[in-house]
Amino acid sequence: MIKMRFAKKSAIIGLLGIVCGLTGCSSWKSWGLGTESRSKKLWEQKAPVALDTKPDTRQAQIDLALAAGRQLESRLDYPGAMKRYQEVLVLDKKHALAHHRMALLATRMSATQQAQEHFQTALSITPKDEALIADYAYWHYLHGNNEQSLELVKQGLARSAGYQRFHGIRGLVLARQRQYESAVASFLESGCNQQEAWANVGHVLLLDGDFESAQYWIGHAAQGERGSEVARNTQRVIQASYHSPQP
C-alpha cells in the first residue's frame with residue numbers, strides 16, 4: 001500500500017475548502033444565510049398594521065436585532081451576530097429563529113454545548129421545521145453522532161419525504177459507515193447524478209482519513225465528460241498536496 005502525507009499544512013485548508021464548499025445535491029453545504037425555516041418565513045411575512053393602532057415597539061426591536069445579526073453574519077462577525085440574537089432572546093426567549101442562528105454560530109465558534117442547547121430549544125419550539133431538523137442532523141454527523149443524525153433524518157423524512165437535504169445527510173452517514181450502495185442511493189435521492197454521488201462518498205472517506213478508498217471513488221467520479229467538477233478539483237488538490245514515494 002502506498003502511504004501518503006501532506007506536502008504542506010496549507011493544503012489541508014485548500015482541500016477542506018473544496019469539500020465543505022459543495023452545494024446543490026451535496027450535503028456539505030455550509031450553514032449560511034440561505035438556511036430557510038418556518039420561523040424565518042414567519043418573520044418575513046409580517047401582517048399589515050392597522051393605521052389606528054400603536055406601533056409594536058417590542059417587535060420593532062426584535063426585527064432590528066435580527067436584521068443586524070444577519071448583516072453581521074454576512075460580514076463573518078460571528079461574536080457580533082450572537083450579541084444581536086441574544087438581544088432578541090431577551091425580548092422573546094422562545095424565538096425559534098434566534099435560537100437556530102445561535103446554534104449555527106456557536107457551531108462555527110466551536111462552542112459545542114452551547115450549540116446543542118440552542119438546537120434543542122429551537123426544535124422544542126418549531127419541531128416541524130425541516131431546515132432546523134436537517135441542520136441539527138448535520139451537526140450530529142459532524143460530531144460523529146451517527147445514530148442521532150440518522151434518527152433526526154428518519155423523523156424528518158416521515159414528515160417531508162421529498163426534502164432533499166435529509167437524503168443527502170443520510171448519504172453522508174451511510175458512506176461513513178461504509179454502506180456504499182445505500183449511500184449512493186441516498187445521494188441520488190438528494191438530487192445528485194451518479195458522478196456527484198460517487199464524489200460525495202469519496203469526500204466522506206477523505207475527511208475520515210481513508211485516502212486510498214477516497215481516491216478510488218473520487219477518481220471514478222472525475223472520469224468522462226459528465227465527471228463531477230468538484231471531484232476533478234479535489235483530485236488536483238490531492239495531487240498538489242500529497243506526494244507518494246515509490247514503493
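The values are calculated or read from the model by the stated rules, or taken from the named source; none is laboratory data. These numbers come from a predicted model, not from an experiment. Note that each Cβ is placed from the backbone with ideal geometry, even for glycine, and that neighbours are counted across all protein chains shown.
Odds and ends about this structure:
- Qualifying residue in the range 141-164 (condition: in contact (Cβ under 8 Å) with a residue 60 or more places away in the chain, under 30 Å from ALA197 (Cβ atoms) and β-branched (Val, Ile, Thr)): no
- Total residues in the range 168-186, condition out of contact with any Lys or Arg (no Cβ under 7 Å at 6 or more places or on another chain) and surrounded by 23 or more Cβ atoms within 10 Å (Cβ to Cβ): 8
- THR234 meets each of the listed conditions (1) of a type outside the set (D, E, K, R); (2) at pLDDT 90 or above; (3) more than 13 Å from ARG178 (Cα to Cα) apart from (2).
- LYS93 vs. criteria at pLDDT below 65 and not hydrophobic (A, V, I, L, M, F, W, C): no
- Against the list (1) over 18 Å from the mean Cα position of the chain (by Cα); (2) over 18 Å from GLY69 (Cβ atoms), the condition THR112 fails is (1).
- Helices (runs of 4 or more DSSP H) wholly inside the range 110-192 that include at least 3 residues being within 22 Å of HIS95 (Cα to Cα): 112-125, 130-142
- Which listed residue, of GLN86, GLN59, is modelled with pLDDT of 95 or more and not in a loop (DSSP other than H, G, I, E, B): GLN86
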